[in-house]
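See structure below.
No value in this document is a laboratory result; all are computed from the given coordinates. As the structure is a prediction and not an experimental result, all values here were calculated from the model. All Cβ positions, even for glycine, are placed from backbone atoms using ideal geometry, and neighbour counts span all protein chains on display.
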Amino acid sequence: MLELLILIAVLVGIIAVGKVIRVMELASSLKGENSWQATDRDHKNQARLMPIFLLAYFAFIIWQIVEWGGEALPVSASEHGVVIDQLMDTTWIIIIPVFIVTHILLFYFAWKYAYNSKRKATYFAHNNKLELLWTAVPALVLLILILYGLNIWNNVMEPLTAEDEPVEIELYARQFDWTARYPGADKKFGDAGVRFIEGVNFLGMDSTDQDGWDDKYVKAEFYLPVDTPVQFYFRAQDVIHSAYMPHFRAQMNCVPGMVTRFNFKPTKTTAEMKEITGKEDFEYYLLCNKICGAAHYNMKMVIKVVEQDEYDTWLSEQKEFLAVEGMQEEPSSDDPVETDSTQTNIEEEELSAQL
Amino acid sequence: MSANAHHHDNDFLFKYIFSTDHKMIAKQFFLTGSIMGLVGMLMSTIFRLQLGYPGESFPILEAFMSNWAPDGVLSPDKYLALVTIHGTIMVFFLLTAGLSGTFSNLLIPLQLGARDMASGFMNMLSYWFFFLSSCVMIASLFVEGGPASGGWTIYPPLSALPEAIPGSGMGMTLWIISMALFIVSSLLGSLNYIVTVFNLRTKGMTMTRMPLTIWAFLITAVLGVLSFPVLFSAVLLLFFDRSFGTSFYLSDIFIGGQALEVEGGSPILYEHLFWFLGHPEVYIILLPALGITSEVVATNSRKPIFGYRAMIGSILAIAFISFLVWGHHMFITGMNPFLGAVFTFTTLLVAIPSAVKVFNYLTTLWKGNIRFTPAMLFAIGLVSTFITGGLTGIILGDSALDINVHDTYFVVGHFHIVMGLSGTFGMISGIYHWFPKLFGKMLNKNLGYLHFWTTMVASYGVFFPMHFLGLAGVPRRYYANTEFPMFENLYDLNELVTVFAIIGAAAQLFFLYNVFYSIFFGPKAPQNPWRSTTLEWTTPVEHLHGNWPGEIPEVHRWAYDYSKPGAKEDFIPQTVPLAPGEIDESKEGIPIPGEHH
């Protein structure tokens, strides 16, 4: 019934518009005009709309800034994020004036030089000096931006070394949740791989590897100590995911078959951020930012940034891998020690290589 | 008697269906591409309803889509399906085949002075492969599990494993088949365009006398020939992974309760192959739109396009650089950071030729005598969207900044404005301008004005606010933003976007109506309605196989002699010989090494 009504409404609408066009056509042909050629009046009207549109466009943007500019991510909660935000601000300072000036020129010219049958356009076909000008100036500005940006990029992507004494965390992504693994007291992650996944051992820990026995893993939320560099390793179990921690200006894809990395130093605790944002319920989030299936939009973890002692207390309360119920069983007998191609014995490979 | 009737049937069949005439094929591409475009637009309106009003029931959705929207709420799976097919259709079917297919076919022979394409038969095949491809893509909507749902970029393993998402079953297989057909169509078309441009120009039509439309179509075709085969190899390998147990893209995967026997592959390889097409693809969409705009802006400003040779140079530069920037889609995939640095450098270089184009458009308008036809309005709109979207590209192309806005709504806003809107505006501008050549009729200008202003306002209303979503950290391809308290103040923004999306979609009805009404009842087109210099306006209004009834006209000058001092009219057609002592403008401007004056 509903469909029928909609269909009728659409048909009536179409017929009505058709009749209106017909009337307009007849009216204009009576005046000796036709339905397709822009008249002097059209040129005048359209020209007037140009500055009106421009002002409306600018006003719309300003309104959005007032309305939603405050919803932008708060001040960066990581050390490198502050530098990235400065680069962002610099970039805005360059592109906003370009945006404003080119738009003013575009709509001003359109309004100013509207058609007039008594006037003739100025024949102006080439000017190599002008071309050189607007090739060289953007090139120069971009060169500065490129150098500035790459400098920051190289610093941000620089891996941590053992001298930085980082906290190491592995983020493990699967449809549709996150797990954070800490290396435990020995500061070494145990080997893991999809071949070992069985029952409660969803992380695929190799239970024959003693390095892993004291590893700890948590779901739903994980803790970071403030002002200590954090080295993240990312693994994915099934499809590509992306670990997005927007408050820290941090993001890295989690790709099945490889281990990816990112590091940052959190500088503001959750409590501090609650004060800065004025929101009592403020939390840092880890989001999935690569399409991974139906519940992609709800794949998250809360990140708590706390003082070192609180972090230590929290970590000590977490169960060790071997203490988790069901983990003590013997590994399946058919492939007890077969090594996996993507074992995450990261700490040895990576950190020792950099020393 | 019966023989005659049979002959008549054949006429119909060969005139409208299996036509080898480039003008008919252009119309076929236009109609098929537009229908696909409408489907894509409708899909976006449906998923915008979910984003604007998450979880709210719209009984009309259930009425039309049954189990895709149980109780009138779009399901998360089908939301992703709609997003995926919307992207695929808009990028490939509307803005690649619809845009290039229509205008390259129509204008290359007409503006160059050729009787038809180099191979009419290949041209026909090109259309029919496209048609088949469209049918397969639409058919994929109706198979079990639904169509491909892994995003239009179909990254494996999501797209490779049916266990990962329902759409990666039969729907994905059909997606791959459809794209394979599409690539064949694109290659047949592109090769044809290239050969035609190089070999079938009329006497006097030197390369530097060609209108910028032709330059844009030519370079677009070259981009297509060089990049689409790479996409073909990417989806072929994906097909192998899906069907024959290879693991080009797969390694160490546990899904559906078991570890898969796949080893040694990498999804990153797929990403490299995909974006090696994917980035030039952006310019496969943009260049024809910019070419059309150059022509429309010059004609309606009654001025030569400013810096003709610089415009050609910038097209060439953009095309060249577009092959060196694909990695900027992959800054945070785990690719070596050094590579990221290289791609940042090459990516930001694109802004230079783009800036040249913008300033040349502005200078063309300066001291012009601007006629506001609907085509001209859309061309002005394109310049605006090209600037707005292009500038945010400077942020996304900078790897350090990309870290935090990658895959957020900032990206969605950026590419919809710079590629989606610019491409669409260029295409619509071209339709208004060359409708007389396509259908021999004129479009109604008042509906055109209405169409432009509603579309322009709605477009920015939809896509500009998305930047704010992105700066707030909202990821794209989220079924709803309701699961994160940090996004709760952005609900009204999403609602606003949805309202504008519906207005924008409804505004296209003006255009649709105008087109179909005018095809049948529009006033007959005069010979040269826009008082244009180019060759297509010397052909008869009624389509004629071979385009010119007599000799093909000879060309004596470039395409942009508008308002030339000393001339009586404000335009001099390309067929008019140079007056004694008159400068041949096609030889002016930036000197080309080795060129003889």
Go ahead and run the numbers for FRET between A:Gln64 and B:Phe14, Cβ-Cβ distance against an R0 of 60 Å, rounding to 0.05. 0.65
Bounding extents of chain B in its principal axis frame from Cα atoms, largest first in Å, are 82, 68, 46
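Say the cut-off is 31 Å between C-alpha atoms; which of B:Lys203/B:Lys568; B:Lys27/B:Lys587; A:Lys268/A:Lys319; A:Lys274/B:Lys78; A:Lys187/A:Lys268; A:Lys188/A:Lys268 go over it?
Values: B:Lys203/B:Lys568 26 Å; B:Lys27/B:Lys587 35 Å; A:Lys268/A:Lys319 27 Å; A:Lys274/B:Lys78 37 Å; A:Lys187/A:Lys268 25 Å; A:Lys188/A:Lys268 27 Å.
Violating the 31 Å limit, Cα to Cα: B:Lys27/B:Lys587; A:Lys274/B:Lys78.
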For A:Lys304, the residues 5 or more places away or on another chain with a placed amide H closer than 5 Å to its own amide H are A:Phe222, A:Tyr223, A:Leu224
So, R0 is 30 Å and r is the distance between the beta-carbons of B:Phe521 and A:Lys118; what FRET efficiency does that work out to, to 0.05? 0.30
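Using 1/(1 + (r/R0)^6) with R0 = 56 angstrom and r between the beta carbons of B:Arg115 and A:Ile144, what's the FRET efficiency to the nearest 0.05?
Details: r = 53 Å, r/R0 = 0.94.
Calculated value: 0.60.
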Using Stokes-Einstein with the Kirkwood hydrodynamic radius over Cα pairs, what translational diffusion coefficient do you get for region A:165-323 at 10 °C and a viscosity of 1.306 mPa s, in µm²/s rounded to a whole number? 99 µm²/s
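Nearest 500 deg cm²/dmol is fine: what mean residue ellipticity at 222 nm does chain B get from its DSSP H runs of n ≥ 4 alone, each adding -39,500 (n - 2.57), divided by its residue count?
When only DSSP H runs of four or more count, the value is -20000 deg cm²/dmol.
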Among B:Asp398, A:Asp42, what is the fewest-to-most ranking by other Cβ atoms within 10 Å? A:Asp42, B:Asp398
Please identify every one of the chymotrypsin sites (Phe, Trp or Tyr not before Pro) in region B:272-357 that sits in a loop by DSSP and has no more than 16 other beta carbons within 10 Å of its own beta carbon. B:Phe323
With N residues in the protein assembly as shown, what two-decimal value do you get for its Cα radius of gyration over 2.2 N^0.38 Å? 0.99
Spatially proximal aspartates and glutamates relative to A:Lys31 (Cα-Cα < 20 Å; intrachain offsets below 8 disregarded): A:Asp40, A:Asp42
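What's the longest bit of chain A with no exposed trypsin sites (Lys or Arg not before Pro), using DSSP loop states and at most 16 other Cβ atoms within 10 Å as the test? Walk me through the numbers before you get to the answer.
Details: sites that count: A:Lys31, A:Lys118, A:Arg119, A:Lys187, A:Lys279, A:Lys319.
The segment A:188-278 is the longest one with no such site.
Below 8 Å between Cα atoms, with a sequence gap of 6+, how large is the relative contact order for chain B in percent?
Values: 997 pairs, mean separation 90.9, N = 597.
Rounded, it is 15 percent for chain B.
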What is the average number of partner chain Cβ atoms found within 10 Å of a Cβ in B:146-156? 2
Please give, to one decimal in nm, the separation of the simple spin-label points placed at A:Glu165 and B:Leu324, each 7 Å out from Cα toward the Cβ. 4.6 nm
DSSP-assigned coil residues among chymotrypsin sites (Phe, Trp or Tyr not before Pro) in region B:530-573, each with at most 14 further Cβ atoms within 10 Å: none
Measuring from label point to label point, each 7 Å out along Cα→Cβ, what is the B:Asn336 to B:Lys587 span in nm? 5.1 nm
Going fewest to most other Cβ atoms within 10 Å around each Cβ, B:Ile108, B:Ile431 line up as B:Ile431, B:Ile108
Straight distance only, please: which aspartates and glutamates reach the Cα of A:Lys44 with their own Cα at less than 18 Å, same-chain residues fewer than 8 apart left out? A:Glu33
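Mind checking which helices in chain A clear 20 Å along their axis (Cα) and have mean Kyte-Doolittle hydropathy of 1.6 or more, DSSP H runs only?
On the way: long enough: A:2-30 (42 Å, 2.06); A:40-68 (42 Å, 0.26); A:79-112 (50 Å, 1.19); A:128-157 (42 Å, 1.29).
The answer, listed by residue number, is A:2-30.
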Kyte-Doolittle at least -0.5, axis length at least 20 Å by Cα - qualifying DSSP helices, chain B: B:22-52, B:120-139, B:170-199, B:212-243, B:267-301, B:308-322, B:351-365, B:374-396, B:422-439, B:445-471, B:491-521
Per-residue mean of C-beta atoms belonging to partner chains within 10 Å, peptide B:263-272: 3
Shielding by partners for B:484-493, please: the mean number of other protein chain Cβ atoms within 10 Å of each residue's Cβ. 4
